[in-house]
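A quick write-up on the structure given underneath.
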Amino acid sequence: MASVGIALSTNSTRDEAELLRRADMAMYRVKQQGRNGCEFFDPAMDDQAAERLDMVNALRRAVERDELVVHYQPIVDLETTAVRAVEALLRWNRPGRGLVSPVEFIPLAEETGAIVSLGEWVLNEACAEAQCWAKSGLSEAPVTVNVSARQLLDPRFESAVAKALTFSGLNSAGLILEVTESSVMQNADVTIAKLDRISATGMRIALDDFGEGYSSLAHLRELPIDILKIARPFVRELTEDDHDPALVRGIIDLARSLGLRLVAEGIEYPEQQAILRAFDCRLGQGFLFARPMAAMDLRAMLAEQRGALQRLGDKAR
Ligand code: C2E
Ligand code: MG
Ligand code: MG
């Protein structure tokens, strides 16, 4: 694979070093887009590079400056809408920019390695929060934490997970790690062995965004996973006119035959919920039920649900 960056000598740039720098920047752009190809230098690339550098520096200090926030989105029983698990989703409260979405900074954090410390922070925060739900009697729902490829490859990953459990007092059954197939496959032997050891401690592993991008049946059987999360595009398709339900059905059947629990992601419409239920998919997550929310709001939601359950119990007595 070749990535080619081109910079043209003009009246304003005859300096060799400057030309090389520009060609390099154009080449970096090709690489960033993950493709084989070529790109011409454009002065806007300078601004973007400066913005990127700014972000790298700001991200490095985000943990110590207390700028990170975890939001929580319930994973519910598709029949009763009771909360069965909660996904921790990172946000960055970047000064002057408001709440920045992980889509905007996780890739860069991955690239620079900053994700390792951000990820540890999320693990600690999420475990402490889940332990708070359990201790205050709000809910026994486990918390799920997204783990990126770089974190999985980090030699300190297992001890970081163990520490998060020890510090919070959370039971290993209270934590679920979400990984993607492509991140596991980056160094498959080492990562699978690591996940096997983690799984042996009683923690569960979920395969996130299943069906999106790279998916392999052969690998699926080798992975020590307990939960399969059906990627959002499949759920979206369910209510489109020309959709073919065979694919989602196939994923659901596959999960069942492998003895995995299923979670459908990105449910936005009641029709999607109904179809998934008809396919016997029991768990789901999406804006239809709740958007990701601040820790306090989720606590209130759990408290309300617990209250409703108690009222039901009182009536039955
Ligand atoms: P993900 O793990 O697949 O998380 C689900 C994403 O879908 C979340 O986006 C959530 O807000 C969004 N979502 C949930 N329900 C719906 C819906 O009904 N409709 C639509 N359109 N979207 C829905 P978010 O929070 O922006 O996170 C994006 C991605 O960033 C996550 O995808 C995950 O890959 C990554 N991420 C988030 N937090 C962390 C983290 O702590 N560590 C790592 N490594 N990655 C993270
Ligand atoms: Mg996830
Ligand atoms: Mg997902």
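Results for (1) charged (D, E, K, R); (2) in contact with an Asp or Glu (Cβ under 8 Å, 6 or more places away or on another chain); (3) within 16 Å of ligand 2 (Cβ to nearest atom), shown as yes or no for each residue.
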residue: ILE115; (1), (2), (3): no, no, yes
residue: LEU123; (1), (2), (3): no, no, yes
residue: GLU158; (1), (2), (3): yes, no, no
residue: LEU165; (1), (2), (3): no, no, no
residue: ALA173; (1), (2), (3): no, no, no
residue: SER199; (1), (2), (3): no, yes, no
residue: MET203; (1), (2), (3): no, no, yes
residue: ASP208; (1), (2), (3): yes, yes, yes
Pairs please, first residue from segment 229-241 and over 13 Å from ILE251 (Cα atoms) and among the hydrophobic types (A, V, I, L, M, F, W, C), second anywhere and assigned to a strand (DSSP E or B) and more than 13 Å from ligand 1 (Cβ to nearest atom), Cβ atoms under 6 Å, 6+ apart in sequence or on different chains. none
Residues in segment 49-57: is at least one in contact (Cβ under 8 Å) with a residue 40 or more places away in the chain, surrounded by 15 or more Cβ atoms within 10 Å (Cβ to Cβ), within 29 Å of ILE205 (Cβ to Cβ) and basic (Lys, Arg)? no
Looking only at residues in segment 216-230 that are surrounded by 15 or more Cβ atoms within 10 Å (Cβ to Cβ) and over 20 Å from CYS281 (Cα atoms), which one is nearest to ligand 3 (Cβ to nearest atom)? LEU223
Qualifying position, being away from ligand 2 (no atom under 16 Å from the Cβ), of a type outside the set (A, V, I, L, M), surrounded by 19 or more Cβ atoms within 10 Å (Cβ to Cβ) and touching a residue at least 12 places away in the same chain (Cβ under 8 Å), among GLN131, GLN186, GLN151: GLN131
Restricting attention to strands (runs of 3 or more DSSP E) lying wholly within segment 40-136, give those where 3 or more residues are in the same structural domain as ALA300 (by TED's automatic domain parsing) and within 16 Å of ligand 3 (Cβ to nearest atom). 68-77, 83-94
Filter segment 1-39 for residues that are in a loop (DSSP other than H, G, I, E, B) and polar (S, T, N, Q); which is surrounded by the most Cβ atoms within 10 Å (Cβ to Cβ)? THR13
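For (1) touching a residue at least 40 places away in the same chain (Cβ under 8 Å); (2) near ligand 1 (Cβ under 10 Å from one of its atoms); (3) in contact with a Ser or Thr (Cβ under 6 Å, 6 or more places away or on another chain), each residue gets a yes or a no:
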| residue | (1), (2), (3) |
| --- | --- |
| GLY113 | no, no, no |
| SER117 | yes, no, no |
| TRP121 | yes, yes, no |
| ASN124 | yes, no, no |
| LYS135 | no, no, no |
Identify, by number, the condition in (1) surrounded by 15 or more Cβ atoms within 10 Å (Cβ to Cβ); (2) free of Cβ contacts under 8 Å to residues at least 24 places away in the same chain; (3) more than 23 Å from the chain's Cα centre (by Cα) that GLY250 doesn't meet. (1)
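The values are calculated or read from the model by the stated rules, or taken from the named source; none is laboratory data. Everything numeric in this text was worked out from a predicted model, so none of it was measured. Note: ideal-geometry Cβ built from the backbone for every residue, glycine included; neighbour counts use all protein chains shown.
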